[in-house]
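Structure first, then comments.
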Amino acid sequence: MHVIVFVPGYLTSQTCSSAGDTYVDLHTHASKHGFEFIYIPMPNNNYGDLGNVTIDDCVDYVLSRYNTICDTRHVSDTIILAGHSMGGMIISRLLTSTFSQKLRRLPDFVRLINPAISPDTTIPQSVLSTLLAFVPHSLQGLAAFPLPVAERNTLYPGSPPYSPMVKPVLVLSMLRSTGKLYLMNNTWDLTPDARLCKRITIIACTGDKLVSHKETLTHATKYNLNIITIVDKYHELFTDGVLSAFGESLSVCK
């Protein structure tokens, strides 16, 4: 059995196989090609993000779920750990030497789609996020603020400006971890465990305006990771090009 354990991005759907779900096309594509698709949605992170989890909480949650899944699988099963956007960032953290020691089984393959290794923030986003970072943590978990997550036409064709009312705990912790605040950062080391570098493939869109393609390429080059570049400008649109690249990258898994 070939199993894809998939970690989603920020403000995405809680399921993956119903009409309108963010990842329904990926789920359908993987299923058609004979892969089991196991989805790990984040706690308190659906279209509302009104919870109080941090990105570190998400890492711990995915680590626990991944280990539980591995415990139920046959030793001969092939495990592909995959993620999109924030999910790709979380997986990148789990692949570091510190966290890989906590994995009860190393993934056989890793696939990251537009991972948020380095969010491509605008000046207004960085200024607002830095100001919100000075709000006491207890208040961040109580009040909801309009946070500019995406500009017009960046998620998919014709997507509106996206500034949902959210508690900023999760997104601020993510920006801190990637060094994107002007002050008060706590930047993660995302150096992958040397044993895993050859197992990692990144699929990145050149014109993505939510995550930096340039920084993703730099990360891949620095650690000799395989990267497939798609000439596209959308962060959350799984076009035939993205699906084809994803499928081709999985063909070596069988």
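The values are calculated or read from the model by the stated rules, or taken from the named source; none is laboratory data. Just so we're clear, the structure is a prediction, and the values are computed from it rather than from any experiment. No Cβ is skipped: glycine too gets one built from the backbone with ideal geometry, and neighbour counts run over all protein chains shown.
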| request: Kindly indicate whether residue 24 is among the aliphatic types (A, V, I, L, M) and closer than 20 Å to residue 235 by Cβ. | output: yes
| task | State yes or no: is residue 189 in contact (Cβ under 8 Å) with a residue 12 or more places away in the chain, surrounded by 15 or more Cβ atoms within 10 Å (Cβ to Cβ) and charged (D, E, K, R)? | result | no
| remark: Inside region 91-109, the number of residues satisfying the requirement of being under 17 Å from residue 26 (Cβ atoms) and either in a helix (DSSP H, G or I) or in contact with a Pro (Cβ under 7 Å, 6 or more places away or on another chain) (or both) is 1
| note | Pairing a residue in region 214-241 that is under 25 Å from residue 12 (Cα atoms) with any residue that is among the aromatic types (Phe, Trp, Tyr) and assigned to a loop (DSSP other than H, G, I, E, B), where Cβ atoms lie under 9 Å and the two sit 6 or more apart in sequence or on different chains, gives 234/156; 235/156; 236/156; 237/156; 238/23
| task | Scan region 164-223 for residues that are more than 30 Å from residue 142 (Cβ to Cβ) and of a type in the set (S, T, N, Q) and jot them down. | result | 191, 201, 206, 212, 216, 218, 221
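Matching residues to (1) without any contact (Cβ under 8 Å) to a residue 60 or more places away in the chain; (2) under 25 Å from residue 149 (Cα atoms):
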position	(1), (2)
4	no, no
13	yes, yes
23	no, yes
39	yes, yes
| From the list 243, 217, 237, which residue is assigned by TED's automatic domain parsing to the domain that holds residue 99, in contact with a Leu (Cβ under 9 Å, 6 or more places away or on another chain) and in a helix (DSSP H, G or I)? | 243
| field | Flag for residue 13 being over 12 Å from the mean Cα position of the chain (by Cα), small (Gly, Ala, Ser), over 23 Å from residue 205 (Cβ atoms) and not assigned by TED's automatic domain parsing to the domain that holds residue 143 | value | no
| task | Just one of (1) modelled with pLDDT of 90 or more; (2) more than 18 Å from residue 226 (Cα to Cα); (3) out of contact with any helix residue (DSSP H, G or I) (no Cβ under 6 Å at 6 or more places or on another chain) trips up residue 59, so point out which. | result | (3)
| task | Return the only residue of 74, 29 being in contact with a Leu (Cβ under 6 Å, 6 or more places away or on another chain) and in contact (Cβ under 8 Å) with a residue 60 or more places away in the chain. | result | 29
| task | Just one of (1) touching a residue at least 40 places away in the same chain (Cβ under 8 Å); (2) within 16 Å of residue 243 (Cα to Cα); (3) out of contact with any Gly (no Cβ under 6 Å at 6 or more places or on another chain) trips up residue 79, so point out which. | result | (2)
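Table: residues versus (1) among the charged types (D, E, K, R); (2) within 16 Å of the chain's Cα centre (by Cα); (3) modelled with pLDDT of 80 or more.
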position	(1), (2), (3)
116	no, yes, yes
122	no, no, no
136	no, no, no
163	no, no, yes
186	no, no, yes
192	no, yes, yes
201	no, yes, yes
211	no, yes, yes
218	no, no, yes
